[in-house]
Amino acid sequence: MKTAGVILAGGIGQRVGAGIPKQLIRVGGRPLLAYPIRTFASFPGLDQVIVVMASGHLEAAEELCAPHGVRVVEGGDTRTASTLKAMEVLAGAPDETRVLFHDAARAFVGHAVIDRCLAALETHESVAVALPVTDTVVAVEGGLVADMPPRSTLARFQTPQGFRLGTLRRAYARALADPAFVATDDCGVVHRYLPDVPITVVEGDEGLLKVTTPLDLVVAEHLAAQYQAAERAAGEDA
Ligand SMILES: Nc1ccn([C@@H]2O[C@H](COP(=O)(O)OP(=O)(O)OP(=O)(O)O)[C@@H](O)[C@H]2O)c(=O)n1
Ligand SMILES: C[C@](O)(CO)[C@H](O)COP(=O)(O)O
């Protein structure tokens, strides 16, 4: 195997507060998770796709994955624990394998950004997808502004995030030996534990919105309509 795509769907969607994991909320008439599964499974450059699903909801994921030959595994308690579950599935894959980790919550991912990530992994060990920030971003400590980094130096990470599997293995081996290890994403693990590994950045897309709060579901309906219009234009079945 040379390439793999992992869709991280192990969360419970506490901030959306729908009573079910947000990846199962129906948007545009389909569960959110159906969109990234379709996009990843139909991308010709990926040899294997894995969905890491929230425990207690594996059956719902299996139903969506089975028609596409996508494997489902149970997630962990945190995003990084879910990443590690996918890495266990890939335990037999060589270090050179290119692997992309994608948030299921960024349901409307397109082939173009997947392509940019895989292309970057030809020359780099680690790749992030990012967009410039539009707000002024500050560090706050004790209710006071502690730092105001120049906005032109800042960017917002989206996903996919891509790695040579051997690089990610080395980063996580060090992270797991650190009792203070916490991370909100996988590039953060590489950045912290393998500081000599450059993380290259490719352009993101506003359509990669991460559904996080109830208001995001309004935008998601619009993005779902766009996604389905593109499917119809390409003559694809739902
Ligand atoms: N234990 C976890 C937690 C999160 N994720 C996934 O990582 C992505 C980004 O996480 P987030 O947006 O925080 O999702 P939730 O954890 O579900 O949301 P919340 O923090 O509001 O509960 C999501 O696709 C989520 O399913 C995961 O695979 N395993
Ligand atoms: C990986 C990520 O989407 C990059 O912006 C983000 O860190 C995930 O954070 P969350 O709190 O798990 O949504």
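Here are the numbers:
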{"item": "Relative contact order %, segment 112-238, counting alpha carbon pairs below 8 Å whose residues are six or more apart", "result": "30"}
{"item": "For ARG156, residues with placed amide H under 5 Å, excluding near neighbours", "result": "LEU131, VAL133"}
{"item": "All-pairs Cα distance distribution in segment 56-96, expressed in whole percent, bin size 5 Å", "result": "6, 21, 20, 25, 20, 7, 2"}
{"item": "Tensor-based shape of segment 197-238 (alpha-carbon gyration tensor, a/c under 1.5 rounded, otherwise prolate or oblate)", "result": "oblate"}
{"item": "Approximate spin-label separation ARG192-ALA18, in nm, with each point projected 7 Å along Cα-to-Cβ", "result": "3.0"}
{"item": "Selection from PRO195, PRO160, ALA93 lying farthest towards where the dipole of segment 79-223 points positive, charges on Cβ", "result": "ALA93"}
{"item": "Vicinal HN-Hα couplings computed from phi for segment 7-16 (Karplus, 6.51 cos²θ - 1.76 cosθ + 1.60; Hz; Gly/Pro x)", "result": "9, 8, 10, x, x, 10, x, 4, 6, 6"}
{"item": "Rounded to the nearest 20 debye, dipole of segment 75-151 from Cβ charges on Lys, Arg, Asp, Glu", "result": "240"}
{"item": "Check: segment 120-238 dipole with +1 on Lys, Arg Cβ and -1 on Asp, Glu Cβ, in debye", "result": "440"}
{"item": "Exposed-site-free run, longest, the chain (rule: GluC sites (Glu not before Pro); DSSP loop; at most 14 other C-beta within 10 Å)", "result": "123-235"}
{"item": "Relative contact order for segment 117-158, counting Cα pairs under 8 Å that sit 6 or more residues apart, in percent", "result": "40"}
{"item": "Fraction of antiparallel bridges per DSSP, the chain only, in percent to nearest 5", "result": "45"}
{"item": "Value at 222 nm in deg cm²/dmol, rounded to 500, when DSSP H runs of n ≥ 4 in the chain each add -39,500 (n - 2.57)", "result": "-10000 deg cm²/dmol"}
{"item": "Amide H within-cut-off set for VAL73, under 5 Å, with H built and near neighbours excluded", "result": "VAL51, VAL52, MET53"}
{"item": "Antiparallel DSSP beta bridges within segment 1-71, as percent of all bridges there, nearest 5", "result": "20"}
{"item": "Coil-residue trypsin sites (Lys or Arg not before Pro) of segment 1-38, DSSP, other Cβ within 10 Å capped at 16", "result": "LYS2, ARG15"}
{"item": "Whether the chain is rounded, prolate or oblate, judged on the alpha carbon gyration tensor where a/c under 1.5 counts as rounded", "result": "rounded"}
{"item": "Cα-centre dipole for segment 1-116 with unit charges at Cβ (Lys and Arg positive, Asp and Glu negative), debye to 20", "result": "460"}
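Throughout, read-outs are computed from the coordinates displayed, never taken from laboratory work. Treat the numbers as computed from the prediction; the structure is a model and nothing was measured. Using ideal geometry, Cβ is built from the backbone for each residue, glycine included, and neighbour counts are taken over all protein chains shown.
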